[in-house]
Amino acid sequence: MLANTDITIIKAAATCVAAICVIELPKGMWNGILELLQNNANSDDLNVRLASVLTLGFICEDIDPKYLSAEQLNFILPAVLMNVIPDQIPLTQIAMKAFARAAPITEKNFEVPEQKEYIMQKIFEASKVNDEEVLSSVMEGLNDIVRVNYDYIYPYIGQIGQLTIDLINSEHDKPAKLAIEVWSTISEVEQSRL
């Protein structure tokens with residue numbers, strides 16, 4: 001089903017697989033699924049890639065991160081982010097949606113400088129795609145990163161500032177509003193530390 005060409009069937013299958021993962025992974029079962037999804041996210045078959053990335057995003061949306069080991073997290077983010085390919089907009093749309101769902105569980109990844117750099121590089125790469133859906137997902141993910149990993153974003157504040165200014169001045173309404181929300185989150189984090 002994950003290799004189907006009908007996106008509706010792909011989404012339904014991804015939802016089912018993710019629901020099973022959310023039940024099984026906390027019990028220590030079906031441990032090989034994340035590695036399998038990571039491998040499939042690198043498939044030559046675009047539909048298999050889309051399905052795998054979509055499934056990973058759905059898993060991240062519903063699972064409590066305390067049930068995922070560092071190794072399991074390392075299967076998820078690279079699989080999602082390697083599919084941010086600006087000239088392949090449908091794939092990048094799904095990858096960034098999946099990333100937006102995964103962003104709240106990136107805390108362990110931001111503790112590793114190379115992983116933090118890769119994540120931020122992919123965010124900025126995706127932000128160059130002139131597609132409202134991609135840009136909205138970029139801002140949703142960035143907002144969660146700011147909330148969860150605030151102590152790690154300082155080196156990127158200039159790039160975040162330029163990105164948000166560009167979006168606020170763009171023709172894309174939803175990403176512009178989400179760009180403002182990023183600064184609202186930064187303000188909330190700063191206020192909570194006073």
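Every read-out reported here was derived from the displayed coordinates using simple, explicitly stated rules and does not represent laboratory data. All figures in this text were calculated on a predicted structure; none of them were measured in a lab. Ideal geometry is used to build each Cβ from the backbone, glycine not excepted, and the neighbour counts take in all protein chains shown.
Helical content of the chain, expressed as a calculated mean residue ellipticity at 222 nm, amounts to -22500 deg cm²/dmol (DSSP H runs of 4 or more residues, -39,500 (n - 2.57) each, divided by residue number, nearest 500). Most tightly packed first, judged by the mean number of other beta-carbon atoms within 10 Å of their residues, the peptides 62-74, 173-185, 100-112, 133-145 read 133-145, 100-112, 173-185, 62-74.
Considering only 14, 152, 186, and ranking their Cα positions along the charge dipole of the chain that arises from unit charges at the beta-carbon of Lys, Arg, Asp and Glu, the one farthest toward the positive end is 14. Angle, helix 157-168 long axis vs. longest principal axis of the chain, Cα atoms, 0 to 90°, nearest 10? For 157-168 against the chain, the angle is about 90 degrees. The angle between the Cα long axis of helix 132-148 and the longest principal axis of the Cα atoms of the chain comes to about 80 degrees, rounded to the nearest 10. Considering only 172, 115, 86, and ranking their Cα positions along the charge dipole of the chain that arises from unit charges at the beta-carbon of Lys, Arg, Asp and Glu, the one farthest toward the positive end is 115.
In a reduced charge model with +1 at each Lys and Arg Cβ and -1 at each Asp and Glu Cβ, the chain shows a dipole moment near 260 debye about its Cα centre. Helix 46-62 axis versus longest C-alpha principal axis of the chain: approximately 70°, rounded to the nearest ten.
Of all the Cα-Cα pairs you can form in the stretch 26-112, what percent are over 15 Å apart? Please report the intermediate quantities before stating the final value.
Values: 1974 of 3741 pairs.
Roughly 53 percent, once rounded to a whole number.
Only one item in (1) 114; (2) 137; (3) 180 matches volume of the Cα convex hull per residue in Å³ derived from the coordinates shown, and that item is (1).
I need the peptides 22-32, 41-51 ranked by packing, meaning the mean over residues of other C-beta atoms within 10 angstrom, with the highest value on top. Could you put the intermediate results ahead of the total?
Working: 22-32: 12.8, 41-51: 18.2.
Highest mean packing first, the order is 41-51, 22-32.
In order along the stretch 176-193, the Karplus-derived 3J(HN,Hα) couplings, from 6.51 cos²θ - 1.76 cosθ + 1.60 at θ = phi - 60°, round to 4, 5, 5, 5, 5, 4, 4, 6, 5, 5, 4, 4, 4, 5, 4, 4, 5, 9 Hz, and Gly and Pro are given as x. One Cα centroid belongs to the stretch 65-134, the other to the stretch 15-44; the line between them spans 17 Å.
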